[in-house]
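Chemist: Here it is, the structure, as structure tokens.
The values are calculated or read from the model by the stated rules, or taken from the named source; none is laboratory data. Because the structure is predicted, anything quoted here is derived from the model rather than measured. Note that we place each Cβ from the backbone using ideal geometry, even for glycine, and neighbour counts take in every protein chain shown. Side chains included, ligands, DNA and RNA excluded: accessible areas come from the protein's heavy atoms. Shrake-Rupley method; radii C 1.70, N 1.55, O 1.52, S 1.80 Å.
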Amino acid sequence: MSYRNLRVLIVACAVLAFAVNIQALTNGATYRLYDGITIYVDNPRGEDFNVSLELRDLNLFAGGPREVLCKIYDPDGFPVVREIIPDDGCITPLFPERSGGWDHELQYYASLYVKGTAPSLRWSAWSDPARLGQLTARTFKYAVAGGKAGVYRIVLAGTPDHYVTLALNPALVHGVSGHPNWLHGHGPERQKSYIYVPPGASGVFVAVIEPDLPRARRFKLTAPDGRTLFDSPAIGGYTATYGKFIGNDVGIPFAQPGIYDGKLLTWEVSAGAGDYLVKLSLQQPREGVFADYLGMSSQAVFTPDERTALALKGGTLLADGQLFWHPFQVRFHQWLKLNALDADENQKALRGKLQALYNSFRLLETGDGPGCPTFANWAYSFGYYGCRIWRSSYLLMQRADLPPDVKAIIREGLLLAGDRLSFAVGTERVNGNAFAQIPVQLWYGSRATGDKLQQERFETFWQRWTSEGWGRGVGLSSSGDAQEFLAHDCHYGSYLLDNWKATNNTWVREGGILGDAGADQRFQQIINRYCELYSHLYCRETDGRPIAANPWSSRTHQWPHAQSSNWESEKHRWKGEPGPDFTVDVNGGHEWFAARRKNYYLLTFHGRLTPEWTSRTFEGQIGFGGGIICQLTVPGRGPVLASTLEGSYGKGMHPSNWRNFHIHALVGETWDGRPLIAAISEPDEVKLEGATVSSAGEVRNAHVRVKRSYTFNAASIDCAVSLAASDYARVMSIWAHERNWSEARLAYEMIPYLAKDPAGKKATIVTLFDAAAKELGAATTTPVMAKTIHIDRGGFGVDIVLAEPRFCLLGANATVLIQLAAPGAEPTPADKISLSYRLAPFGG
């Protein structure tokens, strides 16, 4: 490892920043990896050449080690360099906000701009040559022996923290493609590029991002016949061609498929100070082998001139009139062509499996992964919902009757695909049900190839996936579920159970990892904790009908995907059924706390919510916590209280709609009329002491803290809730001590009940009693001073016994509202808002 003199670095970077055509300069071109690039090198004489790679790591987003994949392929598709470049050793997180891929990063920036403020750091700042030159560069050199004329490929994959400066000697011309979605641009580079149109292309999808203000760039794509396909700035930082549908694909259709075959599109970017991202996918008709999952496209290869574009052909290959991107695909095609069917039924079946595998391998394009007509998420499309190469290869490679030559081709494809998949940690991380499939695919791939490097990548991926090493809120949580949207989701979170067991999931259509892993019990251990978790989270009527008592869900509002069939067993029964007493911190995760006694089962949630800004990108709040009661069930009779969401992705759950919520929360309005919903809180203090669980935390956008506690008695639960001024009240009012900030003008404790009896025929009866136990009549929407609220679902239910009489009334959506602060001349200070009450279930 060598290091250049800092002065030389600064000068070199300055040259890079102002070069007119950086792609052919001997001192190199600088790229930011979002998340990878493929360099196509035109080497028509088969010359020897040297590759110099300078790697700089911002260590901005990653909260742990992040390696870089470096591969160089010869024209026959065989790797002459295959290396994992280790992390630079700086692994402490710098950016504290949880985020996933490019979309979260962009939405984070936009969420600040729409509030009239600005980010702390300009997104483009790192590309400034002077600033980039201050970062330590690690240099890696590779000598590539020639002898083969044609196109060489250099594949690099990492994270947006990585900047690479790549130089070729001699300065062979080349083009570049970004993957799985974006190619990063900065300065004057690629102001005009030429893009080869692969045979059969039916349309193009274009998206551009320019986060920083002021935005000066304009992006234009012109067809060979002069037609303008795209001409737009990045409006609000982002523009995409969501136009006419091409099957399931969205983009700009060509007049007819194949009309521009072998011709060149022209891409132009106007000058500007800001960095940008571009995605340009050339779509194929969704038919034949390209009908997989969402369809098929290939990422554009940007070239500096027309000659280079025509020489590189967008990275494509043609054989027998069919389109390919990798030589191993051609070899597979030729093997199938030469090895015709015979009369043996076993051989016919084997041929069918090989044909299916070949069809999936055909989907791998410029980035060594499957093409997607719009935005790619390889956790979904790379072996989960599409491109199913992993398990089938694993099973085929174990067959003694599979010829060695085709085994070699399969292994070649797995090495290409598996290396790249092990670096799919961008947007893939957010969708936990799909992200959980990547370690499964890597397990199959590494076992099928027997390759040491791939086995190491599996172990690395597994360790990070099981320990939040891919980021906070990513992978397995401390409670044991695969996290969704950087938090938890009951429905999507349950998909892992289907997929790993291969039950009740029409997408899997084949066996599961639990049966294949054999002596490797790590997958089974994950499943065991999963089943234990869901045995606490589930909720149902005695006739088996599920109730979605999962207000914490960060994406959907539904119960587990297969209801209870994918987790329930003799060992893991639903905890809402009669059984021994317990008080438990579920799976030791410090998020869900549950207690069961003879006459009740209570589940509360004190854990992680999805980041605040994500809810502003959907219809309403996605997920509630802050010590919320998820369910109160009378064992053997059914649930009485259940917090439920109105819809998925925040539908019906905008804070302004709080009066119509059906959740357990302290609700109301802040002193200035904004919604106050104390369940929008992620506690920073959680503890279980004996039979009492308590938690406290800031309430988002309300300027208060909320504290809740539950003491689990033999036949009842003592509940307490209180507000306090936000910990940030002092600092936010340094020069305005007397102003209102943490006060409320209206507050209720909202308690949701199930509106009908278990048969769904009779309405649940809610009756009020005074301090002398005198019946005051049925609760209505008119406030009545009462001490006990009697909720009867038909012979079972709960008495809510208040420590002192309060005004009580019914809410709009099967809820009881207990008044804690009423409108008056002055708003109520937060520390004056509190309530103690006892839940006394009956009828068990």
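Chemist: Heavy atoms only, probe 1.4 angstrom, no DNA, RNA or ligands counted: give me 489, 76 ranked by accessible area, highest first. Write down the numbers at each step before the final one.
Modeler: Details: 489 0, 76 65 Å².
Solvent-accessible surface, decreasing: 76, 489.
Chemist: Shifting gears a bit: Dipole of the chain (Lys/Arg Cβ +1, Asp/Glu Cβ -1, origin at the Cα centre): which of 558, 583, 52 lies farthest to the positive side?
Modeler: Value computed over the given set: 558.
Chemist: Next question, about the same structure. Okay, which of region 191-215 sit inside 19 Å, backbone N to the point 7 Å along the Cα-Cβ direction of residue 118?
Modeler: Residues 210-215 fall inside that zone.
Chemist: How much length is gained if the chain between residue 784 and residue 456 is pulled fully straight, taking 0.36 nm per residue apart and subtracting their Cα-Cα distance, in nm to one decimal?
Modeler: Details: separation 328, 0.36 × 328 = 118.08 nm, distance 6.69 nm.
Extra length available between residue 784 and residue 456 comes to 111.4 nm.
Chemist: Using the beta-carbon distance between residue 730 and residue 143 and R0 = 56 Å, what value does 1/(1 + (r/R0)^6) give for FRET efficiency, to the nearest 0.05?
Modeler: Details: r = 63 Å, r/R0 = 1.12.
Working from the Cβ atoms, E equals 0.35.
Chemist: I'd like the accessible area for residue 557: 1.4 Å probe, protein heavy atoms, all chains in place, Å² to the nearest 10.
Modeler: Answer for residue 557: close to 60 Å² accessible.
Chemist: Assign unit charges at the C-beta atoms only (+1 for Lys and Arg, -1 for Asp and Glu), then state the dipole size of the chain relative to its Cα centre in Debye, rounded to the nearest 20. Kindly include the intermediate steps, with their values, before the conclusion.
Modeler: Values: 83 positive and 84 negative charges, 83 e Å.
Dipole magnitude for the chain comes out near 400 debye.
Chemist: Ok, one more. Using per-residue counts of other Cβ atoms within 10 Å, averaged over each peptide, order 448-461, 379-392 from highest down. Don't skip to the end; give the middle numbers.
Modeler: Numbers: 448-461: 17.7, 379-392: 24.6.
So the order, starting with the most tightly packed, is 379-392, 448-461.
Chemist: Shifting gears a bit: Sorted by average packing, counted as other Cβ atoms within 10 angstrom per residue and highest first, what order do 264-274, 609-619 take? Provide the component values of the computation, followed by the final result.
Modeler: Details: 264-274: 17.6, 609-619: 20.4.
Descending packing order for the listed peptides: 609-619, 264-274.
Chemist: Reachable lysines from residue 71, Cα under 27 Å, same-chain residues fewer than 8 places away excluded?
Modeler: Cross-link targets: 141, 148, 279, 313, 407, 452.
Chemist: Continuing with the same structure: In whole Å, largest first, what are the principal axis extents of the Cα atoms in region 507-582?
Modeler: Sorted largest first, the three principal extents are 37, 32, 24 Å.
Chemist: I've got another one for you. Work out, step by step, the length gained on full extension between residue 213 and residue 685: first 0.36 nm times the residue separation, then minus their alpha carbon distance; give nm to one decimal. Don't skip to the end; give the middle numbers.
Modeler: Details: separation 472, 0.36 × 472 = 169.92 nm, distance 3.90 nm.
Additional length available on full extension: 166.0 nm.
Chemist: Also, quick follow-up: Regarding region 547-598, what whole-number volume in Å³ per residue does the convex hull of its Cα atoms give?
Modeler: Numbers: hull volume 5.7 nm³, N = 52.
Convex hull of Cα atoms, per residue: 110 Å³.
Chemist: With viscosity set to 1.002 mPa s and temperature to 20 °C, compute the Stokes-Einstein D of the chain, Rh being the Kirkwood radius across alpha carbon pairs; µm²/s, no decimals. Don't skip to the answer; put the middle values down first.
Modeler: Numbers: Rh = 29.3 Å.
Answer, rounded: 73 µm²/s.
Chemist: Follow-up. Once the piece of chain linking residue 542 and residue 832 is laid out straight, how much longer is it, given 0.36 nm per residue of separation minus the C-alpha distance between them?
Modeler: Details: separation 290, 0.36 × 290 = 104.40 nm, distance 4.13 nm.
Contour length minus Cα-Cα distance gives 100.3 nm.
Chemist: Now a separate question. Using only Cα atoms and rounding to the nearest 10 degrees, what angle (0 to 90) does helix 452-465 make with the longest principal axis of the chain?
Modeler: 20 degrees
Chemist: Just read off the accessible area of residue 838 with the full protein assembly in place, 1.4 Å probe, to the nearest 10 Å².
Modeler: 100 Å²
Chemist: Per residue of region 171-176, what does 6.51 cos²θ - 1.76 cosθ + 1.60 with θ = phi - 60° give for ³J(HN,Hα)? Whole Hz please, x for Gly and Pro, Karplus curve as stated.
Modeler: Result, ordered by residue: 7, 5, 6, 7, x, 9 Hz.
Chemist: Which is farthest toward the positive dipole end of the chain among 155, 842, 28, measuring Cα position about the Cα centre, with Cβ charges +1 (Lys, Arg) and -1 (Asp, Glu)?
Modeler: 842
Chemist: Between residue 816 and residues 5 or more places away or on another chain, which pairs have amide H atoms under 5 Å apart, with H built 1.01 Å from N, and which residues are they?
Modeler: Close amide H contacts, sequence-distant or interchain: 751, 753, 811.
Chemist: Can you tell me the order of 230-236, 738-744 when each peptide is scored by its average per-residue count of other Cβ atoms within 10 angstrom, highest first? Spell out each step's value before the answer.
Modeler: Values: 230-236: 15.7, 738-744: 17.6.
Peptide ranking by packing, descending: 738-744, 230-236.
Chemist: In whole Hz, what ³J(HN,Hα) sequence does region 350-363 give by Karplus (6.51, -1.76, 1.60; θ = phi - 60°), x for Gly and Pro?
Modeler: So the J values, rounded to whole Hz, are 5, 4, x, 5, 5, 5, 5, 5, 4, 4, 6, 4, 5, 7.
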